Amino acid sequence: MAHLSRNDIERIAEVVLNQYKVMFVPIQHICYTVDVTQLARMLGFRIEYVHITADGSILGQTSSGAVWTTIYDDNMNRMYFELDGSTILVEKRLLNDPRLEGRKNFTIAHEIAHQILNRKYPEMYSAHNRTFCDYRRSTKPKKEIVDWHEWQADALAAALLLPMDVLQDS
């Protein structure tokens, strides 16, 4: 697997954000926020809010191709859902709690990042590779990068949510 540098990732984010700004940011605005729902739609992704796990430990899931995955209904009955390569699943508990808005936005951006990287580097991702945002994984401090897919998705999500041009113009 290729290991992208932070600079590589920021260049990818810049290309995506330039397209986003053309569609959603008035020319006069120096400072703007990125609406991850608009960003997902712009890139051709659909967001579905479901219970991905019974315990809420997985916050997001997507796939670069068609695969079946387990989800849960509101009564925690197991169901199956077909990820089609353009759907992003987000834990339903994140939807209506304003205290979790940042977590929800980062989860969506993280899953968008997986999809962007899937499209840009298809040789690194198989069509049957599902990616998960596991809350337990993301809360442990790390001294070294052990999962480059996740590190790159985290770095790209951060670059999408905090555009470099906004940070530099402030």
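The values are calculated or read from the model by the stated rules, or taken from the named source; none is laboratory data. Not measured: the values here are computed from a predicted model. No Cβ is skipped: glycine too gets one built from the backbone with ideal geometry, and neighbour counts run over all protein chains shown. SASA here: full protein model, heavy atoms, side chains in, ligands and nucleic acids out. Shrake-Rupley method; radii C 1.70, N 1.55, O 1.52, S 1.80 Å.
Descriptive notes on the structure:
- For the chain, the fraction of 1.4 Å probe accessible surface lying on carbon and sulfur atoms is 53 percent.
- Take the chain with all the other protein chains still there, run a 1.4 Å probe, and you get 55 Å² of accessible area per residue.
- Between F24 and M76, the contour length at 0.36 nm per residue exceeds the Cα-Cα span by 14.9 nm.
- Geometric descriptor of the chain, per residue, is 125 Å³ (volume of the convex hull of the Cα atoms).
- Net length available on complete extension from R93 to V166 is 23.2 nm, with 0.36 nm assigned per residue and the Cα-Cα distance removed.
- Spatial separation of Cα centroids for segment 143-162 and segment 1-69, in angstrom: 13
- Close Lys pairs in the chain, defined as Cα atoms under 28 Å apart and 8 or more places apart or on different chains, number 11.
- In this simple spin-label approximation, N7 and T37 carry label points 7 Å from Cα along the Cα→Cβ vector, and these lie 3.8 nm apart.
- Backbone geometry of segment 93-106 corresponds, through the Karplus equation with coefficients 6.51, -1.76 and 1.60 at θ = phi - 60°, to 3J(HN,Hα) couplings of 5, 7, 5, 10, 10, x, 5, 9, 4, x, 4, 4, 4, 5 Hz, x marking Gly and Pro.
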